[in-house]
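Data first, discussion second: the structure below is written as structure tokens.
The values are calculated or read from the model by the stated rules, or taken from the named source; none is laboratory data. Keep in mind that what you see is a predicted model, and the values were worked out from it rather than measured. Neighbour counts run over all protein chains shown; Cβ positions are idealised from the backbone, glycine included. Heavy atoms of the whole protein, side chains included, go into the accessibility calculation; ligands, DNA and RNA do not. Shrake-Rupley method; radii C 1.70, N 1.55, O 1.52, S 1.80 Å.
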Amino acid sequence: METGNHSCGTDFTLVGLFQYGHMDTFLFTVIAVLFAVALIGNITLVHLIRLDRTLHTPMYFLLSQLSIIDMMYISTTVPKMAANFLSDTKTISFLGCAIQTFVFLTLGGSEALLLGFMSYDRYIAICRPLHYPVLMSRKICCCMVASAWSSSSINALVHTVYVFQLPFCGSRINHFFCEIPSLLPLVCEDTSQYEHTVLVSGLVILLFPFLAILASYARVLVVVYQMGSGKGQSRAVSTCSSHLTVASLFYVTTLSTYTQPHSLHSPGRDKVVAVLYSIITPVLNPFIYSLRNKEVMGALRRHMG
């Protein structure tokens with residue numbers, strides 16, 4: 001590892017998914033295909049929700065925001081990652097690394113909070129349907145989205161500014177993008193106290209929404225089973241299970257990354273886990289929330305003639 005303090009004029013080197021480049025061409029193809037699928041799926045969903053008046057409801061408004069976040073989320077890491085597969089240098093500037101860290105944290109936090117708001121929407125729709133127009137009005141939905149963006153942006157700004165003013169004793173990042181846990185091993189100082197702050201942030205932004213989702217869907221399933229409709233029960237279980245699977249994939253993987261001290265991190269495992277929440281989740285979300293939804297599929301058939 002390179003030694004000596006690094007200033008804002010220093011470039012970082014991204015090791016990538018694998019330290020040796022014997023699979024770079026194959027990985028570039030796979031990542032490019034996943035990136036294209038994610039963009040096409042999310043763009044189609046956003047465009048469909050905008051065009052079809054039957055989808056102008058709070059649930060689909062929140063879903064369109066999730067798709068917008070996912071498009072930006074995967075675009076923050078994949079283009080640079082794919083370019084590095086075909087490059088010998090694999091460098092990223094100090095400023096570029098800071099910007100990537102800030103944007104990634106902002107989008108990740110926004111998605112975590114938005115998924116929690118979406119589960120609240122389903123809870124109100126099924127458990128308190130008479131209050132739904134009041135509790136999920138357009139104004140409240142906009143406030144939810146604004147609070148998700150603003151709180152995650154503030155959180156990301158604080159962490160990014162703090163980490164990038166620390167002295168770095170190396171420039172080789174053992175990851176495929178700039179992320180707080182992968183940067184801390186390069187810091188010359190003891191970061192154990194700061195890691196407690198990262199842990200608290202992770203619990204607030206990731207764990208609390210995840211617990212809210214589990215509680216909301218548990219209550220939804222209880223109410224549906226009390227209705228006594230076999231068809232409704234099977235549909236609710238199918239819908240909730242698919243949503244919970246994707247949400248769990250996102251929350252469990254991000255929690256495992258952001259709530260562990262860096263002494264317990266394994267670079268190889270961290271990169272595999274990061275692929276799940278930074279690439280696989282944005283690819284899956286539009287299909288899980290649309291292909292299993294009769295309203296979305298009906299709107300798609302109408303607009304395709």
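Please express the shape of region 90-157 as an equivalent ellipsoid: the semi-axes are the square roots of 5 times the eigenvalues of the C-alpha gyration tensor, given largest first in whole angstrom.
Values: eigenvalues 236, 23, 9 Å².
They are 34, 11, 7 Å, listed largest first.
If the elastic network links every pair of Cα atoms under 10 Å, which of 243, 196, 159 fluctuates the most in the Gaussian network model of the chain?
Maximum among the listed residues: 196.
Test of understanding: express the Cα radius of gyration of region 5-103 as a ratio to 2.2 N^0.38 Å, with N the residue count. If you can, show how the numbers build up before the last one.
Numbers: Rg = 17.6 Å, N = 99, 2.2 N^0.38 = 12.6 Å.
Rounded to two decimals, the normalised Rg is 1.39.
Return the equivalent ellipsoid semi-axes of region 174-283 as a descending list in whole Å, where each equals the square root of 5 times an eigenvalue of the C-alpha gyration tensor.
Equivalent ellipsoid semi-axes, largest first: 36, 16, 8 Å.
Per-residue HN-Hα couplings for region 131-139, Karplus 6.51 cos²θ - 1.76 cosθ + 1.60 at θ = phi - 60°, whole Hz, x for Gly and Pro?
Ordered by residue, 3J(HN,Hα) equals 8, 4, x, 7, 6, 10, 6, 4, 5 Hz.
For the chain, what does -39500 (n - 2.57) per DSSP helix run (n ≥ 4), summed and divided by total residues, give at 222 nm, in deg cm²/dmol to the nearest 500? Display every interim value, and only then the final one.
Details: 12 runs with 212 residues, N = 305.
That comes out to -23500 deg cm²/dmol.
Principal axis lengths of region 236-305 from Cα atoms, whole Å, largest first?
Principal axes ranked by extent give 56, 25, 13 Å for the Cα atoms.
Per the 1.4 Å probe, what fraction of the accessible area of region 135-259, in percent, lies on carbon and sulfur atoms?
Numbers: 3900 of 5670 Å².
Roughly 69 percent, rounded to a whole number.
Equivalent ellipsoid semi-axes for the chain, as square roots of 5 times the alpha carbon gyration tensor eigenvalues: give them largest first, rounded to whole Å. List each step's numbers first, then the result.
Values: eigenvalues 279, 95, 56 Å².
They are 37, 22, 17 Å, listed largest first.
Keeping every protein chain present and rolling a 1.4 Å probe, give me the accessible area per residue for region 160-305 in Å².
Details: 6820 Å² over 146 residues.
Here the residues of region 160-305 average 47 Å² of exposed surface.
Can you compute 3J(HN,Hα) from phi for each residue in region 50-65, using the Karplus curve 6.51 cos²θ - 1.76 cosθ + 1.60 with θ = phi - 60°, rounded to whole Hz and x for Gly and Pro?
5, 7, 8, 5, 5, 9, 7, 10, x, 4, 7, 5, 5, 5, 5, 5
List the pair-distance distribution P(r) of region 35-187, using every Cα-Cα distance, as the percent of pairs falling in each 5 Å bin from 0 up to the bin containing the longest distance, rounded to whole percents.
1, 9, 15, 17, 16, 13, 10, 8, 6, 3, 2, 0, 0
For region 116-229, what size does the Cα cloud have along each of its three principal axes, sorted from largest down, in whole Å?
Here the spans come out as 62, 30, 26 Å, largest first.
Most mobile of 267, 133, 209 per a Gaussian network model of the chain (Cα springs, under 10 Å)?
Top of the fluctuation ranking is 133.
Enumerate the calculated ³J(HN,Hα) couplings along region 28-43 in order (Karplus 6.51 cos²θ - 1.76 cosθ + 1.60, θ = phi - 60°), each rounded to whole Hz, writing x wherever the residue is Gly or Pro.
4, 5, 4, 5, 5, 5, 4, 4, 5, 4, 4, 5, 5, x, 6, 5
Applying 1/(1 + (r/R0)^6) with R0 = 30 Å to the Cβ-Cβ distance of residue 26 and residue 193, what FRET efficiency is obtained, to the nearest 0.05? It would help to have the intermediate numbers written out before the result.
Working: r = 42 Å, r/R0 = 1.41.
Computed FRET efficiency for residue 26 and residue 193 comes out at 0.10.
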